[in-house]
Amino acid sequence: MSNPYQPNLDPNYVYTPQPPAPVLAGWPLRFASGLVDLVITAVLAGIASLAGQALGYVVELIVLVVFGFLEGTRGQTPGKMVVGLRTVKLADGTVLGAGLGIGRRILHLLDAIACFIGYLWPLWDEKRQTFADKLVSSVVIKVQ
């Protein structure tokens with residue numbers, strides 16, 4: 001058994017520094033990004049509703065799918081782009097993929113149940129995850 005405190009004397013050993021771990025996004029930044037996304041959705045749906053309420057709902061659904069696709073394939077919705085956040089897989093830091101991105105957006109309905117407690121969960125959660133994040137194993141990080 002070797003001594004872990006003894007320096008590695010192997011002449012072939014090459015030290016490669018590891019990049020710093022990503023910083024998890026705090027609740028205020030997550031709230032700000034969600035607010036930007038909400039304003040974009042409300043404006044688009046509001047304009048579409050002028051032509052009919054049903055069209056407004058269709059536009060809301062389209063925006064949900066588009067934002068989920070963007071978050072899944074690029075890691076960012078327009079709101080996350082503005083405040084500098086990215087959604088990634090907890091296991092390896094890669095993007096979620098289109099299916100999980102859209103699914104995560106739909107699962108945010110669970111965060112709204114019981115007085116929006118799921119949206120507040122990142123305030124005290126160790127990994128700063130909402131319920132939707134936990135279900136798809138994602139985290140939101142700051143873009144550096």
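The values are calculated or read from the model by the stated rules, or taken from the named source; none is laboratory data. Predicted model, so just to flag it, every value in this text is computed and none were measured. With ideal geometry, Cβ positions are generated from the backbone for all residues, glycine too; neighbour counts draw on all protein chains shown.
Laid out as a table, the results:
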item: Selection from segment 37-68 of residues that are without any contact (Cβ under 8 Å) to a residue 40 or more places away in the chain, of a type outside the set (A, V, I, L, M) and assigned to a helix (DSSP H, G or I); result: 41, 46, 49, 53, 56, 57, 60, 67, 68
item: Any chance residue 71 is part of a helix (DSSP H, G or I), of a type in the set (Asp, Glu), out of contact with any Pro (no Cβ under 7 Å at 6 or more places or on another chain) and closer than 20 Å to residue 23 by Cβ; result: yes
item: Residue check, residue 114 modelled with pLDDT under 95 and at positive phi; result: yes
item: Positions within segment 83-109 being in a helix (DSSP H, G or I) and either among the polar types (S, T, N, Q) or loosely packed, with under 15 Cβ neighbours inside 10 Å (or both), in sequence order; result: 99, 106, 109
item: Hits in segment 81-124 (condition: more than 17 Å from residue 137 (Cα to Cα), touching an Asp or Glu at 6+ places or on another chain (Cβ under 9 Å) and without any contact (Cβ under 8 Å) to a residue 40 or more places away in the chain); result: 117
item: Unique residue being in contact with a strand residue (DSSP E or B) (Cβ under 8 Å, 6 or more places away or on another chain), within 18 Å of residue 142 (Cβ to Cβ) and not polar (S, T, N, Q) when the list is 78, 28, 22; result: 22
item: Of all residues in segment 49-75 being over 16 Å from residue 138 (Cβ atoms) and hydroxyl-bearing (Ser, Thr, Tyr), the one that is farthest from the chain's Cα centre (by Cα); result: 49
item: Residues satisfying the stated conditions in segment 37-68, i.e. within 10 Å of residue 101 (Cα to Cα) and touching a Gly at 6+ places or on another chain (Cβ under 6 Å); result: 68
item: Selection from segment 110-139 of residues that are over 21 Å from residue 36 (Cβ atoms) and outside any helix (DSSP H, G or I); result: 124, 125, 126, 127, 137
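Yes/no matrix, rows are residues, columns are (1) under 21 Å from residue 144 (Cα atoms); (2) among the β-branched types (Val, Ile, Thr); (3) modelled with pLDDT of 95 or more:
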position	(1), (2), (3)
73	yes, yes, yes
76	yes, no, yes
79	yes, no, yes
82	yes, yes, yes
90	yes, no, no
122	yes, no, no
129	yes, no, no
